[in-house]
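To start, the structure under review is shown below, and the notes come after it.
The values are calculated or read from the model by the stated rules, or taken from the named source; none is laboratory data. Fair warning: this is a prediction, and the values are worked out from it, not measured in the lab. Quick reminder, even Gly has a Cβ in these numbers, built from the backbone with ideal geometry, and neighbours come from all protein chains shown. What goes into the accessible areas is simple: the full protein's heavy atoms, side chains included, and nothing from ligands, DNA or RNA. Shrake-Rupley method; radii C 1.70, N 1.55, O 1.52, S 1.80 Å.
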Amino acid sequence: MTVPFLSFAPQHNPIRSEVLGAIADVYDKQWYVLGEQVKAFEAEYSTFNHVAHTIGVANGLDALHLALEALGVQPGDEVIVPSNTYIATWLAISFVGGVPVPVEPNPDTYNIDPARIEAALTSRTKGIMPVHLYGQACEMGPIMDIARKHGLWVVEDNAQSQGAAWEGGLTGSFGAVNGTSFYPGKNLGALGDAGAVTTNDADLAHKVQVLRNYGSQQKYYNEVIGHNSRLDELQAAVLRVKLNYLPEWTAQRQNVAQLYNQHLAGIADLQLPATAPGATHVYHLYVVRTTQRAALQQYLTEQGIGTLIHYPIPPHQQQAYAHLAIPVGTYPLAEELAATCLSLPMWPGMTEEHVLAVAKAIRSFLGDRG
Ligand SMILES: *Cc1c(COP(=O)(O)O)cnc(C)c1O
């Protein structure tokens with residue numbers, strides 16, 4: 001049995017006519033940018049995420065960038081960021097002239113370790129950007145306590161974790177202003193690029209609204225040097241349909257994760273993902289660790305099982321950040337995760353047979369080698 005890393009079919013096939021109908025409505029309405037679909041999606045996403053304001057933007061990277069710009073981050077401002085995130089979190093900081101200051105993760109949950117944050121603070125630190133990596137909520141209680149104590153803002157990178165919660169509070173609703181992504185493969189995915197900013201602060205919401213649309217509220221009157229980063233009507237219409245199914249798809253992801261936990265238990269040299277007490281996990285990705293990663297990945301490929309690596313190179317070791325001149329070994333946990341992590345197939349609609357096929361292949365490979 002082959003198991004692709006990701007298949008959209010079980011999500012998209014049952015709602016095909018509903019989605020195509022929504023697209024046809026936009027087509028016929030002849031209003032394609034910042035119209036009633038975007039407005040309605042923003043209201044519905046705010047309800048879903050328990051926030052006062054959602055601002056639809058072009059993609060997740062822009063969401064984070066505009067959030068930082070709205071906060072007034074200045075060149076040289078230091079921002080605490082995970083050492084093991086996707087590079088977008090770092091890029092958003094760099095775009096506004098900020099300095100990413102990496103903090104290592106908890107090696108079991110893969111999320112930023114709150115106990116390590118205070119040691120990284122300096123007089124130039126302005127904020128913290130927790131990333132709810134792979135779909136698990138960060139330990140937001142301790143993180144918000146540190147932020148309050150030191151007068152720092154928080155911007156959550158919620159790109160992988162729509163619907164996750166820390167002690168009942170939804171990710172994307174803790175920070176002053178937060179970013180999420182609706183890239184097709186994310187838990188809530190558009191049919192192309194899309195993203196959103198979420199906030200409870202009316203002033204920051206207004207700033208982002210202006211920034212996404214050429215720095216303008218009134219057409220041809222420009223208050224600030226803005227961007228063109230708008231969510232379009234077609235994507236908003238598709239997202240409105242898909243948002244209704246997100247809770248069901250999340251439950252399916254959680255069920256697949258539970259089956260993996262059960263069928264992959266007790267294999268030597270295979271570390272399964274752990275969830276912190278107080279956190280929920282919406283399993284954007286199911287990430288295991290093994291010292292035999294390359295060989296295991298090759299074996300699984302030969303068995304028709306798709307896997308990916310999130311991420312093979314930590315941001316501080318990317319060529320883009322060579323100017324930081326961070327010596328090898330400075331962030332050993334990020335480097336170790338990059339060398340050992342493997343993302344197994346994970347998508348709503350995966351069956352227990354799929355999970356069993358993956359588990360059997362992993363067991364026969366790692367089991368054989370002890
Ligand atoms: C996907 C992602 C982003 C960026 O989103 P895009 O829509 O691709 O720009 C940012 N941060 C994280 C953690 C992501 O996974």
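Starting from region 170-226, pick out the trypsin sites (Lys or Arg not before Pro) whose DSSP state is loop and whose Cβ has at most 11 other Cβ atoms within 10 Å. Intermediate results must be reported in sequence, preceding the final value.
Details: sites: K186, K207, R212, K219; in loops: K186, K219.
Those that pass, being in a loop and sparsely packed, are K219.
Projecting the Cα atoms of G195, P247, L211 onto the dipole axis of region 176-262, where Lys and Arg carry +1 and Asp and Glu carry -1 at the beta carbon, places P247 farthest toward the positive end.
Net charge dipole, region 171-250: roughly 100 debye, given to the nearest 20, about the Cα centre with Cβ charges of +1 for Lys and Arg and -1 for Asp and Glu. Near V3, the amide H atoms lying under 5 Å from its own belong to I305, G306; only residues 5 or more places off or on other chains count, and H is placed 1.01 Å from N. Each Lys and Arg Cβ is given +1 and each Asp and Glu Cβ -1; about its Cα centre, region 1-71 then shows a dipole of about 160 debye. By definition, a body whose alpha carbon gyration tensor gives a ≥ b ≥ c is oblate when a/c is 1.5 or more and a/b is not larger than b/c, and region 211-370 fits this oblate description. Solvent-accessible surface of the chain, averaged per residue with a 1.4 angstrom probe and all protein chains in place: 42 square angstrom. Quick check on region 1-159: take the gyration tensor over C-alpha atoms, sort the square-rooted eigenvalues as a ≥ b ≥ c, and tell me if it's rounded (a/c under 1.5), prolate or oblate. Here region 1-159 falls in the prolate category. Candidate cross-link partners of K126 among the lysines, defined by an alpha-carbon separation under 20 Å and a same-chain spacing of 8 or more, comprise K149, K207. For the chain, the carbon plus sulfur part of the accessible surface works out to 54%, probe radius 1.4 Å.
Taking the chain as a Gaussian network of alpha-carbon nodes connected by springs under 10 Å, the highest mean-square fluctuation of the residues W347, W90, W166 belongs to W166.
Quick one: putting +1 on the C-beta of Lys and Arg, -1 on the C-beta of Asp and Glu, what dipole do you get for the chain around its Cα centre, in Debye to the nearest 20?
Numbers: 21 positive and 33 negative charges, 48 e Å.
It works out to roughly 240 debye.
For the chain, what is the mean residue ellipticity at 222 nm derived from helices alone (per DSSP H run of n ≥ 4: -39500 (n - 2.57); sum divided by total residues; nearest 500 deg cm²/dmol)? The partial results should precede the final answer.
Details: 12 runs with 141 residues, N = 370.
Mean residue ellipticity at 222 nm (helix-derived): -12000 deg cm²/dmol.
For a test of the definition: using alpha carbon positions, the gyration tensor, and the 1.5 limit on a/c, classify the chain as rounded, prolate or oblate. Oblate is the answer for the chain, as a/c is 1.5 or above yet b/c matches or exceeds a/b. Amide H to amide H, with H built 1.01 Å from N, V57 comes under 5 Å of G195, A196, V197, L231, counting only residues 5 or more places away or on other chains.
Roughly how far apart, in whole Å, are the Cα centres of region 202-241 and region 302-364? Distance between centres, Cα-based: 35 Å. Candidate cross-link partners of K39 among the aspartates and glutamates, defined by an alpha-carbon separation under 12 Å and a same-chain spacing of 8 or more, comprise D232, E233.
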